[in-house]
Amino acid sequence: MFAAVVVLFAIAFLFPVYWMVTGAMKSPDEVARTPPTLAPKEWHLSGYSDAWELMELPRHLWNTVVQAAGAWLFQLVFCTAAAYALSRLKPAFGKVILGGILATLMVPAQALVVPKYLTVADLPLVHTSLLNDPLAIWLPAVANAFNLYLLKRFFDQLPRDVLEAAEIDGAGKLRTLWSIVLPMSRPVLGVVSIFALVAVWQDFLWPLMVFSDTGKQPISVALVQLSQNIQLTVLIAAMVIASIPMVALFLVFQRHIIAGISAGSTKG
Amino acid sequence: MIAFQKYTPGSSPEWVGTANFTRVLHDPEFTAAWRNTLTFTLLALLIGFAVPFLLALVLNELRHAKAFFRVVVYLPVMIPPVVSALLWKWFYDPGAGLANEALRFLHLPTSNWSNGADTALVSLVAVATWANMGGTVLIYLAALQSIPGELYEAAELDGASLLQRIRHVTIPQTRFVILMLMLLQIIATMQVFTEPFVITGGGPENATVTVLYLIYKYAFLYNDFGGACALSVMLLVLLGAFSALYLRLTRSGEDDA
C-alpha cells in the first residue's frame with residue numbers, strides 16, 4: 001500500500017516527461033491515435049531534426065544563452081560590488097541604502113512589468129529604447145535585492161582576521177576583494193549564478209513584452225509564438241530540446257540546488 | 001504615476017486624475033479577472049498545500065532511494081514553465097489528450113479540462129501545482145526532518161494513531177514553515193500569467209483571465225498603458241500587504257531561533 005503510493009507519485013512526476021520525450025519520436029499519425037501507444041512503434045528522430053531546423057532553434061537557443069549569460073555576468077559584477085561595498089567599506093548612509101534595497105524585496109516583480117516596460121522602451125535621461133536588445137534583460141536583472149542580500153550576509157560572516165591580515169600585507173580594498181573575498185565566497189557565488197541563469201531561462205512574460213522581433217526572441221517566447229502552426233511532433237521535440245539545458249544543469253548541480261532549497265526553510 | 005495619466009507611447013502624457021481607475025473598474029473583464037485570480041489562488045493554496053505536504057510525509061517515511069525521489073520531485077521545476085504549459089495543453093486535448101485517455105482507461109466519463117468554462121481554472125491549478133510543487137516538497141521535507149523523534153515516540157506511547165500523530169505533533173511543529181510557504185504561494189500565484197496565456201488564452205468565456213493577463217491585454221492589445229498601470233497599482237497594493245506580512249513573520253521567526 002505504502003509502496004503503491006510512492007510509485008504513484010513517481011509516475012505522476014516522471015510519466016509526463018516520458019510522454020513528452022517519446023511523443024516527439026512517434027510518427028504524426030501515431031501521436032494522434034486513440035488509444036495512444038505507450039511506446040513509439042517506430043522510432044523517428046526526424047521530429048527532433050525538423051524542430052532544430054524549421055523552428056530555428058539554434059538561433060533562439062543562442063539568444064537565450066546570450067541573455068542568460070549577460071544577466072549572470074552583470075549580476076555577478078554589480079551585486080558583488082554593491083554587497084562588498086555595503087558589507088566591508090561601510091559607506092555613509094549604508095544602512096539607509098540597504099534598507100531601501102531590501103524594501104524592493106516587498107514589491108512583487110510581475111506586478112511592475114508595465115512600468116518596467118515603459119522605462120526600458122524610453123530610457124530616462126538618454127531617451128533610447130532598449131526594446132529588442134538583450135540589454136533589456138541584463139539591466140533590470142542587476143536590480144536583484146535578493147542576491148545582493150545573500151552576498152552581503154555572506155560577506156558579513158567572513159572571518160575578520162583574514163581580511164585584516166591582507167590589509168597589513170598592504171592589499172588595497174579591490175585587491176582584498178579579488179584575491180581574498182571572492183575565492184572564499186565560491187559557494188554563495190555558485191548559488192547566485194544558478195539562480196541568475198535559471199531565472200532568465202524560465203522567464204516568459206518579460207521577454208514576451210520586450211522582444212517583438214522574432215529573430216531575437218529567446219526559446220520560451222519562440223516556442224509559444226510558433227506553437228500555433230506547427231506539427232505536433234515537431235513542437236514536442238522542440239519542447240524537449242528547450243528543457244534539456246536546464247534539466248542538465250539541475251542533474252549536474254542537484255546536490256547543491258536541493259541542499260540550498262532545503263537549507264532555506266530553516267533559515268527563513 | 002502613469003496610472004493617473006493618459007499615456008500612449010509617442011505622445012506626451014496628459015493628467016487625467018482617477019479616470020484610468022474608473023475606466024478599469026467598469027470593465028466587465030475586471031471583475032472576472034479578480035474573481036479568477038482569487039479562485040485560482042485559493043485552489044492553488046488548498047491543492048498546493050495538501051499535495052506537497054502529503055508527499056513530504058510519505059517521502060519522509062522512505063528508507064531507500066530518498067535522494068532519487070528528491071530529484072524526481074524537483075525535476076518539473078527545472079522544466080521551463082512554457083514547456084510544462086504546452087505539455088499540459090497537449091494532455092488536456094479533448095480528443096487524443098492523455099488526460100481523457102486516462103479517464104477512458106479507468107472507465108470514467110471524459111472531461112473538457114482546460115476547454116470547458118467550469119473546469120478550465122481547476123485544470124490550470126493542476127498544471128501549476130505539478131510544475132511548482134518540487135520546491136515546496138523539499139522545504140516541508142527538511143522541516144519534517146528537524147522534528148525531534150522523541151515527540152513521535154512519546155505520542156506513540158500515549159497510544160496516538162497515525163492521524164493523531166500528524167494532527168498533534170507534525171502540524172504544530174511545522175506550523176511556521178507552513179505559514180511562510182502559504183504566504184509565498186499567495187504572492188506567487190496571484191501573479192499567474194504563463195499558464196492561462198499559453199494554455200487557454202484567457203478563455204473559454206473569460207474563465208481564466210487573470211489580473212496579470214488583463215494588465216498585459218490593456219498594455220499590448222488595447223495600447224492603454226494608463227489602464228494597465230492602474231491595474232498594476234491595485235495588484236501591487238494587495239500583494240505589498242502580503243509581502244509585508246511575510247517579512248514581518250520571517251523577522252520574528254529569526255528572533256525566536
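Taken together, the values in this text are just the output of simple stated rules run on the coordinates, not laboratory data. Remember, it's a predicted structure, so these values are computed and weren't measured experimentally. Using ideal geometry, Cβ is built from the backbone for each residue, glycine included, and neighbour counts are taken over all protein chains shown.
Among A:ILE230, A:ILE236, A:ILE168, sorting on how many other beta-carbon atoms sit within 10 Å of each Cβ, with the fewest leading, yields A:ILE168, A:ILE230, A:ILE236.
How would you classify chain A from its alpha-carbon gyration tensor, with a ≥ b ≥ c the square roots of the eigenvalues: rounded for a/c under 1.5, else prolate if a/b is greater than b/c, otherwise oblate? Before the final figure, lay out the partial values.
Details: a/c = 2.55, a/b = 1.68, b/c = 1.52.
It is prolate, given that a/c is not under 1.5 and a/b is the larger ratio.
Measuring r between the beta carbons of A:ALA92 and B:PHE220 and using R0 = 51 Å, the FRET efficiency lands at 0.75.
Shielding by partners for peptide A:14-20, expressed as the average number of C-beta atoms from other protein chains within 10 Å of each residue's C-beta, is 5.
Sequence-ordered 3J(HN,Hα) estimates for segment A:241-258 from the Karplus curve with 6.51, -1.76 and 1.60 and θ = phi - 60° stand at 4, 5, 7, 3, x, 6, 5, 5, 4, 5, 5, 5, 9, 4, 4, 5, 5, 5 Hz, glycine and proline given as x. In a simple Cβ point-charge model (Lys, Arg +1; Asp, Glu -1; nothing else charged), the protein assembly as shown has a dipole of about 780 debye relative to its Cα centre.
Any chance you could run the full-extension gain for A:LEU105 through A:GLN254? It's 0.36 nm times the residue separation minus the Cα-Cα distance, nm to one decimal.
Working: separation 149, 0.36 × 149 = 53.64 nm, distance 2.65 nm.
Between A:LEU105 and A:GLN254, full extension yields 51.0 nm more.
The stretch between B:ALA67 and B:ARG251 holds 63.1 nm of extra length on full extension. This uses 0.36 nm per residue minus the Cα-Cα distance. Show which aspartates and glutamates lie in cross-link reach of B:LYS89 when reach means a straight Cα distance below 12 angstrom and same-chain residues fewer than eight apart are skipped. Cα-Cα hits under 12 Å: B:GLU195. Normalising the average separation of contacting C-alpha pairs (under 8 angstrom, six or more residues apart) by the number of residues puts the relative contact order of chain A at 31 percent.
Students often get this wrong: which residues of segment B:128-169 have the backbone nitrogen under 19 Å from the point 7 angstrom along Cα-to-C-beta of A:PHE15? Of the residues in segment B:128-169, B:128-134 have backbone N under 19 Å from the label point off A:PHE15. What is the local net charge at A:LEU205, summed over the other residues whose Cβ is closer than 13 Å to its Cβ (Lys, Arg +1; Asp, Glu -1)? Surrounding charge for A:LEU205 is 0. For a modelled paramagnetic label at B:ALA102, 7 Å from Cα along Cα-to-Cβ, the residues of segment B:71-90 in reach, with backbone nitrogen under 14 Å, are B:87-90.
Residues A:HIS44, B:HIS64, A:HIS256, ranked from the fewest to the most other C-beta atoms within 10 Å, line up as B:HIS64, A:HIS256, A:HIS44. Normalising the average separation of contacting C-alpha pairs (under 8 angstrom, six or more residues apart) by the number of residues puts the relative contact order of segment A:1-44 at 34 percent. Using r as the Cβ-Cβ distance of A:GLN228 and A:ALA81, and R0 as 60 Å, what FRET efficiency do you calculate, to the nearest 0.05? Calculated transfer efficiency: 0.85. Phi angles across segment B:183-193 convert, under the Karplus curve 6.51 cos²θ - 1.76 cosθ + 1.60 with θ = phi - 60°, into 3J(HN,Hα) values of 4, 4, 5, 4, 4, 6, 6, 5, 9, 5, 9 Hz, Gly and Pro given as x. Counting 0.36 nm for each residue step from A:ASN132 to A:THR37 and taking away their Cα separation leaves a gain of 29.9 nm.
Indicate the gyration tensor shape class of the protein assembly as shown (rounded, prolate or oblate), computed on the Cα atoms with a ≥ b ≥ c the square roots of the eigenvalues: a/c under 1.5 is rounded; otherwise a/b larger than b/c is prolate and the rest oblate. In terms of gyration-tensor shape, rounded.
Would you mind classifying segment A:133-194 by shape? Square roots of the alpha carbon gyration tensor eigenvalues, ordered a ≥ b ≥ c; an a/c under 1.5 is rounded, otherwise it is prolate if a/b is larger than b/c and oblate if not. Since a/c reaches 1.5 and a/b is larger than b/c, the shape of segment A:133-194 is classed as prolate.
Calculate for chain A the 222 nm mean residue ellipticity that helices alone would give, adding -39,500 (n - 2.57) per DSSP H run of length 4 or more and normalising by residue count, nearest 500 deg cm²/dmol. Intermediate results must be reported in sequence, preceding the final value.
Values: 14 runs with 182 residues, N = 268.
So the helix-based figure for chain A works out to -21500 deg cm²/dmol.
In terms of surrounding Cβ atoms within a 10 Å radius of their Cβ, B:GLU195, B:GLU150 rank from fewest to most as B:GLU150, B:GLU195.
As an exercise, use a Förster radius of 35 Å and the Cβ-Cβ distance of A:LEU123 and A:ASP156 to find the FRET efficiency, rounded to the nearest 0.05. If you can, show how the numbers build up before the last one.
Working: r = 34 Å, r/R0 = 0.97.
My answer for the efficiency is 0.55.
Label sites at B:VAL122 and A:ARG186, each approximated as a point 7 angstrom past Cα along Cα to Cβ, lie 5.2 nm apart.
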